[in-house]
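Trainee: Okay, here's the structure, questions in a sec.
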Amino acid sequence: MSNPTKNKSVIKKANLYFQLFFRKYPAIPYILKWLLISIIIGILVGSASAGFLISLNWATDFRENHIWLIALLPIGGFLIGLLYHYYGKDVEAGNNLLIDNINHPKKIIPFKMAPFVYLGTIVTHFFGGSAGREGTALQMAGAISDQLSKPFKLSSNERKILLIAAIAAGFGSVFGTPLAGALFGLEVFLIGKIRYNAIFPAFASAILADWITKLWQAKHTHYHIEFVPKLEFLPIIYSILAGIAFGLCAATFSKLISFISKKFKNNIQYPPLRPVFGGIIIAIAVFAIGSTKYIGLGIPTIVESFQMQEPLYVFALKMAFTIITLSAGYKGGEVTPLFYIGATLGSALSLFLPLPTALLAGMGFVAVFAGATNTPLACMMMGIELFGIESGVYIAIACVVSFLLSGHNSIYGKQIIGEAKNSRYQTHEGKSIIDKNL
């Protein structure tokens with residue numbers, strides 16, 4: 001027979017022991033809690049990214065083998081417009097909704113954001129729009145992960161950490177760059193500042209999600225920079241000049257996509273018709289040019305830009321196709337097109353700057369992205385993960401210069417300026433990109 005008094009004494013001593021242990025190591029409960037949450041995020045988001053990548057590859061291959069589908073782009077756009085107009089107004093803000101909820105937590109993000117943006121993106125690519133995949137991955141990750149807020153009884157501050165970890169997982173898994181994904185989640189919502197209390201969940205979620213995506217055998221594109229010149233005065237100067245071009249390109253893209261979006265909204269009052277008109281423009285342009293080089297993700301052209309010098313007009317045409325596609329209301333992301341724009345611009349700059357074509361393509365790949373999203377640290381890490389540490393210094397120079405030269409512009413209007421890029425614009429601090437531009 002057990003002794004109840006003795007059992008109570010043992011339980012009391014065990015509780016006291018655990019209390020003393022956790023007082024001595026207060027980080028342990030935090031680590032255990034967020035490790036569990038990060039494992040769940042990693043499994044769910046990694047699996048979602050894998051399914052999305054496989055679906056996207058299928059849609060791209062099918063379209064390229066049935067070019068006539070591009071003529072149906074306006075119809076696909078109309079269907080996307082109808083879906084969001086009648087059933088998805090509360091999730092239409094996309095990435096800006098995620099960023100806004102990190103800065104100002106509101107109600108839990110509706111789960112429907114995930115299937116809506118997935119369907120919208122697949123339709124966009126299936127019929128020939130020019131869009132990316134990061135927006136979809138982030139929105140799927142945010143919508144799926146935010147459903148954990150209730151069962152784990154997370155506070156408003158903990159929800160911020162959850163969404164940062166979700167963004168990190170979505171970005172890291174869809175591009176195969178977990179370290180860059182973690183930094184992107186930590187940087188993207190607040191320019192100039194980082195939430196260090198989210199650093200463990202961000203890295204854990206991104207690494208786990210990337211691992212799960214690879215377990216599903218979803219493939220990522222590999223890039224190669226064969227030769228990196230010795231770090232000397234002139235190559236550094238050339239890198240700075242390239243960074244200036246990348247920063248101006250990033251600012252131009254951010255401003256134009258905001259401007260054209262407003263034009264579509266002001267001139268076409270019924271939202272489902274906006275992608276119809278945008279789709280007509282894209283379809284006519286594709287058949288007039290006689291090439292699908294500027295639609296979809298454009299991965300073959302990105303790879304090509306590392307191998308040969310691209311004409312200067314290639315990046316400009318991709319920019320135009322992407323701005324019209326996304327401004328009209330098609331779904332997807334801006335980041336892969338920004339990779340395309342940056343890589344082809346860098347490749348073309350090798351005509352003027354005596355640096356290797358592949359190196360300039362790699363610098364542009366991440367630097368235009370850095371300027372358009374105000375995430376220089378994530379982009380530096382992405383460059384190192386994708387191209388190797390040998391090009392790290394040149395990548396860093398291009399990203400920093402592009403970040404500074406792009407000004408307070410962004411493809412994410414709800415980004416808040418936590419710390420101005422220079423003292424001249426300190427009055428912008430605390431404002432969102434949208435508010436600053438009003």
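The values are calculated or read from the model by the stated rules, or taken from the named source; none is laboratory data. Because the structure is predicted, anything quoted here is derived from the model rather than measured. All Cβ positions, even for glycine, are placed from backbone atoms using ideal geometry, and neighbour counts span all protein chains on display. The area values use the complete protein model at the heavy-atom level, side chains included, leaving out ligands, DNA and RNA. Shrake-Rupley method; radii C 1.70, N 1.55, O 1.52, S 1.80 Å.
Trainee: Would you list which aspartates and glutamates come within 20 Å of residue 89, measuring only between C-alpha atoms, while excluding same-chain residues fewer than 8 positions from it?
Mentor: 100, 146
Trainee: Quick one: helix 4-24 against the long Cα principal axis of the chain, what's the angle to the nearest 10°, folded into 0 to 90?
Mentor: Tilt of helix 4-24: around 40 degrees.
Trainee: With a ≥ b ≥ c taken as the square roots of the eigenvalues of the C-alpha gyration tensor of segment 273-393, please select rounded if a/c is under 1.5 and otherwise prolate if a/b is larger than b/c or oblate if it is not?
Mentor: oblate
Trainee: Given points 7 Å out from each Cα along the Cα-Cβ axis, report the residue 67 to residue 152 separation in nanometres with one decimal.
Mentor: It is 4.9 nm.
Trainee: Which residue, 378, 59, 367, tops the fluctuation ranking in a GNM of the chain built on C-alpha contacts under 10 Å?
Mentor: Fluctuation is largest for 59.
Trainee: Each label point is 7 Å from the Cα along the Cα-to-Cβ direction; what then is the distance between the points at residue 284 and residue 196, in nm?
Mentor: According to this spin-label approximation, the distance is 5.6 nm.
Trainee: Pick from 428, 125, 222: which residue has the top mean-square fluctuation in a GNM of the chain where Cα pairs under 10 Å get a spring?
Mentor: The residue with the greatest mean-square fluctuation here is 222.
Trainee: Just to verify a number: FRET efficiency for residue 312 and residue 87, C-beta to C-beta distance, R0 = 25 Å, to 0.05?
Mentor: Efficiency for this residue pair is about 0.05.
Trainee: Carbon and sulfur together cover what percent of the accessible area of the chain at a 1.4 Å probe radius?
Mentor: That share works out to 66 percent.
Trainee: Convex hull volume of the Cα atoms in segment 363-418, per residue, in Å³?
Mentor: 68
Trainee: Ok, one more. Considering the options 301, 233, 252, tell which one lies farthest towards the positive end of the dipole of segment 225-310, charges being +1 on Lys and Arg and -1 on Asp and Glu at the Cβ, about the Cα centre.
Mentor: It is 252.
Trainee: Still on this model: Given a cut-off of under 8 Å on Cα pairs at least six residues apart, what relative contact order in percent is computed for segment 56-210?
Mentor: Reported relative contact order: 21 percent.
Trainee: Note the angle between two axes, namely the Cα long axis of helix 274-289 and the longest principal axis of the Cα atoms of the chain, as a number of degrees from 0 to 90, rounded to the nearest 10.
Mentor: With both axes taken from Cα atoms, the answer is about 50 degrees.
Trainee: Still on this model: How much length is gained if the chain between residue 119 and residue 58 is pulled fully straight, taking 0.36 nm per residue apart and subtracting their Cα-Cα distance, in nm to one decimal?
Mentor: Full extension from residue 119 to residue 58 adds 20.6 nm.
Trainee: Oh, and also: In percent, how large is the relative contact order of the chain, given Cα pairs closer than 8 Å and 6 or more residues apart?
Mentor: The value is 21 percent.
Trainee: Quick one: dipole size for segment 138-211, taken about the Cα centre, charges +1 on Lys/Arg Cβ and -1 on Asp/Glu Cβ, in debye to the nearest 20.
Mentor: My answer is approximately 260 debye.
Trainee: Show that you can apply the helix-only estimate: for the chain, add -39,500 (n - 2.57) for every DSSP H stretch of four or more residues, divide by all residues, and state [θ] at 222 nm to the nearest 500.
Mentor: Helix-only estimate at 222 nm: -22500 deg cm²/dmol.
Trainee: Here are some pairs, 107/331; 219/263; 263/431; which of them have Cα atoms lying more than 29 Å apart in this structure?
Mentor: Checking Cα-Cα distances, 219/263 exceed 29 Å.
Trainee: Give me the base-10 log of I(q)/I(0) for the chain at each q in 0.07, 0.11, 0.14 Å⁻¹, Debye formula, one uniform scatterer per Cα, rounded to two decimals.
Mentor: Scattering profile of the chain, log10 relative to I(0): -0.35, -0.81, -1.30.
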